[in-house]
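Inspection log for the structure reproduced underneath, given as structure tokens.
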């Protein structure tokens, strides 16, 4: 394994304004082992309220067998000393973020997990200012983001307004256990019994539990909040950090699963899992990129559908702060789909920004600049069977770069892309990845950056994050291939990509500064050649 100090700080590219001391770099982890599969019928005898008939006609996910919503019970339901808080009586002095203890999960979440502060953020002045701007309130004193369902659907749990809560549930806990593991009314008193381990992931999901053993499932538990979710999914509801919300002051969502996961303070010990899959970092990057693209495409389709909605149509609650009289309609095309810095950049001096795509004309904006570039790299080296991903993506991009994309055509092409990604993920979620594959992915990412006609910060940052994840996997798979020069290259790239203090976009964003990123990787590229 690569020593902690030798691993690049991948989180810094996503949160450039946060200093290096914002969170200690955490060692990379290995994916959890696949869940055991067995006949769900074995559990009918002991599961509370379960019968043989329940097995044949399982409830819809998120609902009880009677059709009522499964209630969220709150973090306190997990905090008993006999359950996930057994170390409580011994105090916090023995807690180590690098060596989490089993049954101490509640303390690790409470002490180390940044999600615990998610609700608290809503009570701050900055959040109130965002709420005031978004809802067009006359005074900040009228702004209460901690009561806004749009905010609570990420800062507490997904689909907050459409969910039921038990009497002990507390929004102030922020994103707690059930935010990732699912509403626990049906499984809380069952998941510690022996029979629970025999259930299939699908069976567990039917009782509200969210299995997180597979890497794709874990990534999909993050993306509804960190990328977005459409109202087509009743469990997640609408989560859309669109251009209006960004303009109101909300940070842009730059989610990259592998780096988030590597930096995430664990409340479980994964030493055994890391030993089982030394390619964990590479797998997290591949699967994370595909799941992120999947979520971004679902949101794109939903945005297109909203653009043609009419009052009375089933759809999301109003989220915009505009004065449009139709609360269901959304702006189209949605500007958050495009590269922010194509418009928001320094206009003083220097070489003007490239338009972004080779065929662009004035008025066109580069689409999918954050969520799509690295899927192209994966498509070249680990292509989906029987599909040409480049052609599928290009068809969507061609439509989205028109002044007024046709929502129906976009929806049709997105459907094809989603079907491709679904099959792609099924193939690569647990397929072995060897050193040669990692080497090829690195080389392809480097080549894309060197040859790209789109020298944007988004693409460069994604290449940096890809190289960092794959560099870590390279050393884990074969320590002899660990290249100290690569670490220096990554440091040089990161210094070029960092935002200056107080800035939330690249300072004096010009092509020549991006050329510095390219030049930083050329020594490595020359070696590969």
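Read-outs: derived from the displayed coordinates by stated rules, not from any lab. Please read all numbers here as calculations on a predicted model, not as lab measurements. Positions of Cβ are backbone-derived with ideal geometry, glycine not excepted, and every protein chain shown enters the neighbour counts.
Taking each residue as 0.36 nm, the span from residue 82 to residue 136 lengthens on full extension beyond its C-alpha to C-alpha distance by 14.6 nm. How large is Rg over Rh for the stretch 100-161, taking Rg from the Cα atoms and Rh as the Kirkwood inverse mean of 1/r across Cα pairs? With Rg and the Kirkwood Rh in hand, the quotient comes to 1.14. Coordinate range of the alpha-carbon atoms in the stretch 382-492 per principal axis, descending: 51, 32, 16 Å.
If you average the C-alpha positions of the stretch 126-164 and of the stretch 400-445 separately, how far apart do those two centres end up, in angstrom? Here the answer is 34 Å between Cα centres. Fully extending the segment from residue 503 to residue 172 would add 116.1 nm, taking 0.36 nm per residue of separation and subtracting the current Cα-Cα distance. Among 271, 198, sorting on how many other beta-carbon atoms sit within 10 Å of each Cβ, with the fewest leading, yields 271, 198. From least to most packed, judged by other beta carbons within 10 angstrom and beginning with the fewest, 207, 192, 338 follow the order 192, 338, 207.
Ranking of 103, 119 by neighbouring Cβ atoms within 10 Å, starting from the fewest: 103, 119.
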